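Everything on this sheet refers to the single structure shown next.
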Amino acid sequence: MRENEDPDDELSVTPPKTWATGVPGVTNALRYSLGQTSARRTALTLLNVNQAGGIDCPGCAWPEPPGKRHRNEYCENGAKHVTDEATSRRVTARFFREHSVSELDQKSDYWLNQQGRLTEPMVKRPGSDHYEPVSWDEAIGLLARELRALASPDEALFYTSGRVSNEAAFLLQLFARSYGTNNLPDCSNMCHESSGSALQETLGIGKGSVSVQDIHDADLVFVVGQNPGTNHPRMLSALEETKRNGGRVVAVNPLPEAGLLRFKHPQKVRGVLGRGTDIADQFLQIRPGGDLALFQALNRLLLEAEDESPGEVLDHGFIDAHSTGFAEYAAHARQVCWDDVLTATGLTREEIEEVHARVLGSRKVVVCWAMGLTQHKHGVPTIREIVNFLMLRGNIGRPGAGVCPVRGHSNVQGDRTMGIWERMPQPFLDALGHEFGFTPPARHGLDSVNAIRAMRDGRAKLFVGVAGNFVRASPDSEATEEALRRCRLTAHISTKLNRSHTVCGETALILPTLGRSDRDFQAAGEQFVTVEDSMSEVHVSRGRLAPASPHLLSEVSILSRLARATLGDGTPVPWEEFEADYGTIRDRISRVVPGFEDFNARVARPGGFKLPNPVNERKFDTPSGKAVFTRNEFTMLQAPEGHLLLQTLRSHDQWNTVPYAMNDRYRGIHNARRVVLVNPGDLDELGIADRSEVDLVGVWHDGVERRAKGFRVVAYPTARGSAASYYPETNVLVPLDSVADISNTPTSKGVVCRLEPAGR
Ligand SMILES: Nc1nc2c(c(=O)[nH]1)N[C@H]1C(S)=C(S)[C@@H](COP(=O)(O)OP(=O)(O)OC[C@H]3O[C@@H](n4cnc5c(=O)[nH]c(N)nc54)[C@H](O)[C@@H]3O)O[C@H]1N2
Ligand SMILES: Nc1nc2c(c(=O)[nH]1)N[C@H]1C(S)=C(S)[C@@H](COP(=O)(O)OP(=O)(O)OC[C@H]3O[C@@H](n4cnc5c(=O)[nH]c(N)nc54)[C@H](O)[C@@H]3O)O[C@H]1N2
Ligand SMILES: [Mo]
């Protein structure tokens with residue numbers, strides 16, 4: 001049993017907060033920072049976050065606001081993310097001498113991260129239980145030899161998380177494809193893949209269409225399946241602006257999240273002293289997985305309203321000129337049954353009609369969403385139904401309206417643009433091959449879930465992780481760990497210690513790298529990198545701090561050297577030049593990736609540039625050239641009698657797989673993470689007492705028992721029939737085969753489970 005599997009006896013619970021941010025937020029960030037590093041380094045780090053030419057905040061992918069920036073244009077959590085990287089603590093060769101791998105494997109995720117920045121390359125050799133220091137040449141030579149020794153390039157996997165810059169991402173996919181595989185699983189597979197699938201099919205581009213200005217200008221903004229107070233705090237400033245401009249906000253969530261209710265702007269006097277701004281005008285406490293039903297009901301109401309007032313409700317101009325499939329869709333949509341809708345959503349008909357009235361009263365509508373929609377079995381149909389909803393009234397491709405999948409990792413969208421995808425379209429591969437004089441493999445590669453299956457079955461033998469923490473981010477923790485341990489070699493390019501370093505293949509490598517905040521000097525002088533945010537703005541990120549150790553190499557250096565060592569010097573790709581001067585990488589990107597023409601010059605302008613999105617000119621890159629109405633089969637999630645639908649989510653004090661503290665301040669949970677939030681009515685029915693100790697037992701039809709041990713029950717106002725608990729402690733409960741249709745994303749928000757008294 002790992003250390004963090006002991007139940008937390010220190011748990012204390014206070015009432016959930018009804019507002020987000022404000023002064024305590026900023027004080028918390030400073031306290032975290034000063035616990036990690038000096039006051040001087042804190043100041044230097046924070047003053048440079050999100051300033052033109054400074055460090056791009058790695059906290060999330062929300063864009064900078066238009067116009068003038070606050071001197072402190074970051075949020076509490078962004079500040080925690082950068083200072084977590086800027087920490088003065090160090091993991092050295094001595095640390096690994098003192099701690100064996102099996103000992104480290106017993107430590108909690110929190111403990112591993114708290115040890116500080118990785119400082120030099122390390123290797124764990126076959127049969128050994130210790131990492132030992134290794135030179136860069138030897139480490140990279142070893143990895144290259146193992147890559148060359150594989151029977152097929154498809155036995156290798158190259159995972160990335162969205163922390164990676166455009167330049168490093170471009171090199172990684174170029175290397176993988178030159179080597180001969182499209183096996184480029186990434187965190188997106190577990191994150192917004194459902195959004196990409198749905199938007200690509202219906203609108204012809206797998207990205208959002210709105211800008212921050214559109215959010216400011218909208219009459220009505222939906223925030224669905226998203227907790228911006230914690231995960232995208234700067235989005236609250238945008239919603240505050242919407243409200244000041246007279247717009248309205250509807251929040252759809254099983255939990256009454258603090259940031260959805262009220263917001264106090266930390267950088268404005270009225271936010272610090274005043275009561276703050278009410279964010280949601282209407283809060284729909286939906287059952288998990290009920291969103292498809294909700295939007296189907298709204299769409300049926302729109303069609304019926306049009307029947308009553310022909311020509312006044314639907315935007316026939318848009319529908320006729322720019323879409324296909326309307327007639328078939330409308331016939332299908334009229335059939336949705338109210339009883340089913342009310343069961344699936346847990347809402348009343350009056351609540352849904354109130355939203356409908358708001359929609360009728362609004363010309364410009366934006367829908368924002370995140371993991372509450374994408375991580376469900378029917379995530380893709382749900383998002384397609386939202387596209388139907390927007391299209392009915394022409395809310396696509398005009399100012400103040402559109403789709404807004406709010407991304408997670410700061411460059412997750414950019415990595416995709418750069419070709420990190422196991423199924424990149426042929427025109428991209430052709431352009432890449434043409435530019436570099438080779439033929440990239442056409443066969444599709446493996447995504448995250450399929451990568452785990454391939455390692456489990458011995459079809460993949462070598463795993464390279466560039467950023468991220470694959471073992472903890474993935475579902476079905478026990479199966480995933482077993483799969484990784486079967487590999488010949490696992491290698492990780494990382495900034496900080498995490499579980500993926502303790503769950504090793506026969507040989508394991510830790511390749512420590514520069515973070516966003518570190519200065520990056522190469523042969524041609526000081527370098528910067530670029531990123532793309534959630535709204536397709538591309539801009540510079542430049543580290544300002546002295547690197548955490550003199551032995552660190554940048555991601556670009558490591559990948560360039562690995563490519564040379566693996567492919568030999570005879571390849572047509574100038575890897576050495578790329579390493580010396582990142583501008584030469586951007587020159588090549590400008591010739592391969594559409595929208596990046598003249599990349600170096602345009603990104604040098606203050607604020608960078610925005611990639612074109614044809615949807616905003618009502619151009620749709622679909623087979624018909626039009627936006628597509630889709631018919632989506634009604635689906636609802638139901639847990640059998642005595643069971644609950646568990647969603648696995650983030651606390652206020654974590655960055656994905658990395659807990660920064662044991663608290664979840666806005667939800668009133670303190671000093672414990674092994675807690676499960678359940679509606680008091682459900683606790684009564686199940687005969688389970690508040691604060692009792694339980695095991696969470698997953699139910700899935702493969703007969704495997706998935707158990708997360710030692711959780712405290714907390715009575716909490718979540719939607720009836722549902723429960724919530726933190727990721728990654730509960731990933732053990734998400735079956736590998738329980739994935740979203742089409743996108744193959746693990747269903748992390750819809751896990752059927754029961755609560756059993758602990759220790760049975
Ligand atoms: N501080 C901080 N910021 C982050 C991250 C972090 O870990 N910490 N992670 C980043 C990343 S990679 C991502 S992807 C984003 C994630 O941002 P979010 O998607 O906000 O993250 P989650 O915590 O997974 O929260 C999911 C939300 O959806 C709700 N929800 C769950 N199921 C349903 C459902 O069926 N219907 C509806 N309508 N709602 C539902 C939950 O109650 C919760 O409010 O945040 C990014 N920003
Ligand atoms: N059950 C459940 N599972 C989930 C989710 C969920 O909601 N529920 N969410 C999913 C989502 S949305 C996502 S995005 C994934 C996240 O999955 P990942 O992106 O794989 O995980 P992170 O926790 O962000 O990775 C943290 C590690 O990244 C490394 N790192 C940080 N910065 C850098 C850098 O600049 N360079 C390099 N090379 N390394 C760096 C550090 O070593 C750190 O330990 O998890 C997914 N898994
Ligand atoms: Mo994510």
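The values are calculated or read from the model by the stated rules, or taken from the named source; none is laboratory data. Given the structure is predicted, the values throughout are model-derived calculations rather than measurements. Cβ atoms come from the backbone with ideal geometry, glycine included; neighbour counts cover every protein chain shown. Side chains included, ligands, DNA and RNA excluded: accessible areas come from the protein's heavy atoms. Shrake-Rupley method; radii C 1.70, N 1.55, O 1.52, S 1.80 Å.
Take the residues of the stretch 182-211 that are buried (at least 24 other Cβ atoms within 10 Å of the Cβ) and farther than 30 Å from Arg631 by Cα: which is nearest to ligand 3 (Cβ to nearest atom)? Among those residues, the one meeting the criterion is Leu184. Can you confirm whether the stretch 469-491 contains a residue that is in a strand (DSSP E or B) and of a type in the set (Ser, Thr, Tyr)? Yes, because at least one residue in the stretch 469-491 is in a strand (DSSP E or B) and of a type in the set (Ser, Thr, Tyr). Across the stretch 560-591, the number of residues qualifying as under 28 Å from the mean Cα position of the chain (by Cα), buried (at least 20 other Cβ atoms within 10 Å of the Cβ) and within 29 Å of Pro612 (Cα to Cα) comes to 5. I need every pair where a residue in the stretch 35-63 that is surrounded by 19 or more Cβ atoms within 10 Å (Cβ to Cβ) and acidic (Asp, Glu) has its Cβ under 9 Å from the Cβ of a residue that is part of a loop (DSSP other than H, G, I, E, B) and at pLDDT 75 or above, sequence separation at least 6 or different chains. Between residues of the stretch 35-63 that are surrounded by 19 or more Cβ atoms within 10 Å (Cβ to Cβ) and acidic (Asp, Glu) and residues that are part of a loop (DSSP other than H, G, I, E, B) and at pLDDT 75 or above, the close pairs are Asp56/Ser165; Asp56/Ser410; Asp56/Asn411; Asp56/Arg516; Asp56/Asp533; Asp56/Arg542.
Scanning the stretch 525-559 for residues that are in contact with a Pro (Cβ under 6 Å, 6 or more places away or on another chain) and among the aliphatic types (A, V, I, L, M), we see that the one that is surrounded by the fewest Cβ atoms within 10 Å (Cβ to Cβ) is Leu552.
Please find, among Thr417, Thr439, the residue that is more than 25 Å from the chain's Cα centre (by Cα), among the hydroxyl-bearing types (Ser, Thr, Tyr) and open to solvent by 10 Å² or more (accessible area, probe 1.4 Å). Give the steps one after another, and end with the answer.
On the way: Thr417 fails: more than 25 Å from the chain's Cα centre (by Cα).
From the options Thr417, Thr439, the qualifying one is Thr439.
Screening Gly465 with (1) within 16 Å of ligand 3 (Cβ to nearest atom); (2) within 30 Å of Ser88 (Cα to Cα); (3) out of contact with any strand residue (DSSP E or B) (no Cβ under 6 Å at 6 or more places or on another chain) gives one miss only, at (3). Counting only residues that are within 16 Å of ligand 2 (Cβ to nearest atom), open to solvent by less than 20 Å² (accessible area, probe 1.4 Å) and not aliphatic (A, V, I, L, M), how many does the stretch 651-688 have? Residues meeting the conditions: 11. Residue selection: Ala460 fails the criterion of being outside the structural domain of Thr657 (by TED's automatic domain parsing) and within 16 Å of ligand 3 (Cβ to nearest atom).
Within the stretch 403-414, the set of residues being open to solvent by less than 10 Å² (accessible area, probe 1.4 Å) and in contact with a helix residue (DSSP H, G or I) (Cβ under 6 Å, 6 or more places away or on another chain) comprises Pro405, Val412, Gly414. Of all residues in the stretch 123-167, those satisfying the criterion of being within 17 Å of His492 (Cβ to Cβ) and open to solvent by 50 Å² or more (accessible area, probe 1.4 Å) are Arg125, His130, Glu132, Pro133, Glu138, Arg163.
Can you name the residue in the stretch 728-760 that is of a type in the set (Gly, Ala, Ser) and touching a helix residue (DSSP H, G or I) at 6+ places or on another chain (Cβ under 6 Å) and is also surrounded by the fewest Cβ atoms within 10 Å (Cβ to Cβ) among such residues? Let's see the steps before the verdict.
Pass one, the stretch 728-760, residues of a type in the set (Gly, Ala, Ser): 738, 740, 743, 748, 750, 758-759.
Now drop any that are not touching a helix residue (DSSP H, G or I) at 6+ places or on another chain (Cβ under 6 Å), which leaves 740, 743.
Values: Ala740: 26, Ser743: 24.
Within the stretch 728-760, the match that is surrounded by the fewest Cβ atoms within 10 Å (Cβ to Cβ) is Ser743.
Filtered by the rule that a residue be touching a Gly at 6+ places or on another chain (Cβ under 7 Å) and open to solvent by 10 Å² or more (accessible area, probe 1.4 Å), the stretch 352-367 gives a lone residue, Lys364. Residues in the stretch 289-314 that are buried (at least 17 other Cβ atoms within 10 Å of the Cβ) and among the charged types (D, E, K, R): Asp291, Arg300, Glu306. Looking across the stretch 689-699 at every residue that is at pLDDT 95 or above and part of a loop (DSSP other than H, G, I, E, B), the one that is most open to solvent (accessible area, probe 1.4 Å) is identified as Arg691. Pairs please, first residue from the stretch 571-584 and in the same structural domain as Phe599 (by TED's automatic domain parsing), second anywhere and modelled with pLDDT of 95 or more and part of a loop (DSSP other than H, G, I, E, B), Cβ atoms under 6 Å, 6+ apart in sequence or on different chains. The qualifying pairs are Pro572/Gly437; Ala580/Ala523; Ala580/Ala524; Asp581/Ala524; Tyr582/Gln527.
Pull up the stretch 190-200, narrow it to residues that are outside any loop (DSSP other than H, G, I, E, B) and out of contact with any Phe, Trp or Tyr (no Cβ under 9 Å at 6 or more places or on another chain), then point me to the one that is farthest from ligand 2 (Cβ to nearest atom). Checking each candidate, the answer is Gln200.
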